[in-house]
1. When a/c reaches 1.5 or more, the comparison of a/b and b/c decides; with that in mind, is the range B:181-336 rounded, prolate or oblate per its Cα gyration tensor?
2. Per residue, how much space in cubic angstrom lies within the convex hull of the C-alpha atoms of chain B?
3. For the protein assembly as shown, compute the orientation-averaged projected area of the C-alpha convex hull (one quarter of its surface), in nm².
4. List the lysines whose Cα lies under 20 Å from the Cα of A:K44, skipping any in the same chain that are fewer than 8 positions away.
5. Report the label-to-label distance for B:T361 and A:E27 in nanometres (one decimal), using points 7 Å from each Cα along the Cα→Cβ vector.
6. Ranked by Cβ crowding within 10 angstrom, fewest neighbours first, how are B:M289, B:M304 ordered?
7. Rounded to a whole number of µm²/s, how large is the Stokes-Einstein D of the range A:13-138 at 20 °C and 1.002 mPa s, given Rh as the Kirkwood radius over C-alpha pairs?
8. Measure of size requested: the Rg and Dmax of the range B:1-106, with Cα atoms as the atom set and Å as the unit; please supply both.
Amino acid sequence: MPNRSTSKNSERAYGLSIYCPIKNEHEGDVSFTSLVRTALQDFKEDEDSPMAKVPNTYLARFFIVDDVIFESFPHTNDHLQSAYLAFSTNFHGNLDEYLTGMYENMNTKIHNVWQYCYGFEKVKDAASFIAYIKKVQVETSYFFVGSNDDSLPEQLKSLYLKQEFSKFVFANQSKSDDELLAAYKEFDARTKPAVLEGPTWRAGAGSLKNVNKG
Amino acid sequence: MSTKRETKLDLFDIQGNIMQNFAEKGFIKARYLFLEIKNGNRGREFVTKIKPLITTSARWTNDASDPYGTTEPSATSNISFTYNALKKLGLPILSLHSFPDEFAIGMRGRRAILGDNYSSDPENWDPVWNTHDVEVHMLISIEAKNMDNLEERYNKILSLVAETNGGVILFDGSLKDEDGKEITYQDAHALDNEAGQPTAKEHFGYTDGISNPYFKGMLPGMGSVIGGGKKNPKALGIGEPKGNQGNPILASTWAPLETGEFILGHEDEAQEYPACPTPPLLGKNGSFMVYRKLHENVGMFNDMLEKTGADYPGGKEGLASKFAGRWRNGAPLATFPNEEDGKKIAAAREAAQYKQAVAKTPEEIAAANAEFEEVNKHFTGFDFQKDLHGGKCPLGAHIRRVNPRGSLEEDSASYNTPSALADRRRIIRRGLPYGTSTPNSNTGEHGIIFMAIQANIKRQFEFVTQQWMNYGSDFKLANEKDALLGNQTPDKDKDGNPIENVDGTMVIPGDDGKVPYFVSQIPRMIETRGGDYFFIPSLTTLEMLGKRIIDPT
């Protein structure tokens, strides 16, 4: 995806960055910041990541900003008044649709993570989640460059086809025309290039194992 | 995001022994456990299970709405790890290699720097530190107000050890108690006075643990900026003649030290982040700890006082005070060179401590704390600017060596702060005496469990030990050592053969033009009986160690 000068929606893709202040509170002997971190560290990875279930996510990242980085001498001693949960995502489509999909597909996880942030108690459904996110959104200009602006299913299908077609070439390069045509028909029937639903790569796939199980 | 200038630490993420002095809160019984991890998986399970028992730096309060507060526990426990423990727990090699060399080498390997020779040689250490098939990986410390609470916590930890089915072992029979019986832990406790009341004294009779560093992020009650901080660069001093660093009894003369001198991941006195393992989250809110068991030759100390004290013009107590830089009741010589004045202020401090101990209502507690702070500032708030030649407090006195308080700077205009040469050598002191002694005790089990907490063991504890305690050059004292803690050459080697050139000497400068007094034949009064270097991880890191999710890439 090309760099966007702002986080405003383009025709096909969107880059969202948010910073959510974490309350300076604690539960038992654990600070809210640590609880947010634990909730994030408990996310499963790759295809099992909750973000893999959110439609059209190209790349998403969570992290915690404990404090501003001290930039050495000469300096001023600035500190944040609280830690911040940072969430950055690049996706296909428009913001409201994306956040609705996110809320529908991972609202338990969303509440697990965000419950420790200021103002999140007002979030009860997708609409209030969208309103909250827009309040904590920041304008940024650098995004993940590694995809075009197609929908995620289209991109996953393309990656799958590229991988399968490479295998096809290796396997059939010295065959006769007839043999090649037959093999291609078999390839076409098996990979269904026009069908986005599958077979295709799975969202969140972190390795080539099991990527094409639809 | 809005910012402000005040340092605010996540006290719930920092282990409690770093920022809290449990002994000062009446937790005067301690037990130290040494454990080895035999199996990585079960070691990690143990780390995960013990985490809820770990005491944090959150202050103890009954106010449930205090964002930095928690209720006072019945007992505290803290955990730290040697380099080999981190290896055994499966820390990635890139992370292991990012730890400082001296930590990886450990105390035994650093013996030449620490001066652990002759009777302090590792071959004479307690078996737990000195047996080839034994490797101490974890140190767990427990503190409580009484033995019942301590035992209860100890048994909880024992059951967690048992659940590992041999994956973690507590060293059995590796230590000896006072009667020579083998035990699985090291106990320590405040020493009682003749009336059976606990005191802050160690076996030589000195009131100990009076001064500790004060740094940014500490809350009221965690320490005193007066004497605990650094000399305030904004107070008098910079660009002014030597000797003019402000009145040391005033808070405005001092400023908190930077957090990064003691806790990783925060700015330090060099105005940078301290060296920290990779990834930064592994080190953040953690620290390094030196655990050192120091045997005290009480009989030798008393012989020295008797013999030399009979000849020294200041007498026995005067000599004891010159060794330490404080009267044995704790009053600093720099402010109270006269014994009677020292006794008066020490009595006032004791009375204030008594009021603190018996205060019940919040109002009484606040009033008692305020009274104590008012008196205690005379014990912490001093420097050597009016005593540059050591007529009151000798240049080689113990407390002046380990914290020169701005007296080393020849030209204060050359430094960022008036105490710059000391500010990077400060250590947080923890620990309690162990064993019981009589005035004649030399052999046997009695001494101090000494712990030093700092961001950089090499720059702080090791430097102070090597250059300031076991050497005298920075004080223009040539090779003179700390009379109390220095590794004076003993008069006999380990086989009992006499050693020539016994080097234990100390110059006590005369005050007001009087002649100096030369103390000689100072024996080695303190001997090392074991110890190691430990990493105190944050609670976040503890959790990540347990889950094995530390990723340095």
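The numbers here are math on the coordinates, done by the rules we state, and not lab data. Predicted model only: the values in this text are computed from it and were never measured. Heads up, the Cβs are rebuilt from the backbone with ideal geometry, glycines too, and the neighbour counts pull from every protein chain shown.
1. Working: a/c = 2.40, a/b = 1.30, b/c = 1.85.
Oblate, since a/c reaches 1.5 and b/c is not below a/b.
2. Values: hull volume 87.8 nm³, N = 553.
So the per-residue Cα hull volume is 159 Å³.
3. Values: hull surface 163.9 nm².
Averaged projected hull area, Cα only: 41.0 nm².
4. Filter leaves A:K53, A:K109, A:K209, A:K213, B:K547.
5. That separation, rounded to one decimal, is 3.8 nm.
6. Details: B:M289 28, B:M304 22.
Listing B:M289, B:M304 from fewest to most nearby Cβ atoms yields B:M304, B:M289.
7. My calculation gives 139 µm²/s for D.
8. Gyration radius and largest Cα-Cα distance of the range B:1-106: 17.0, 48 Å.
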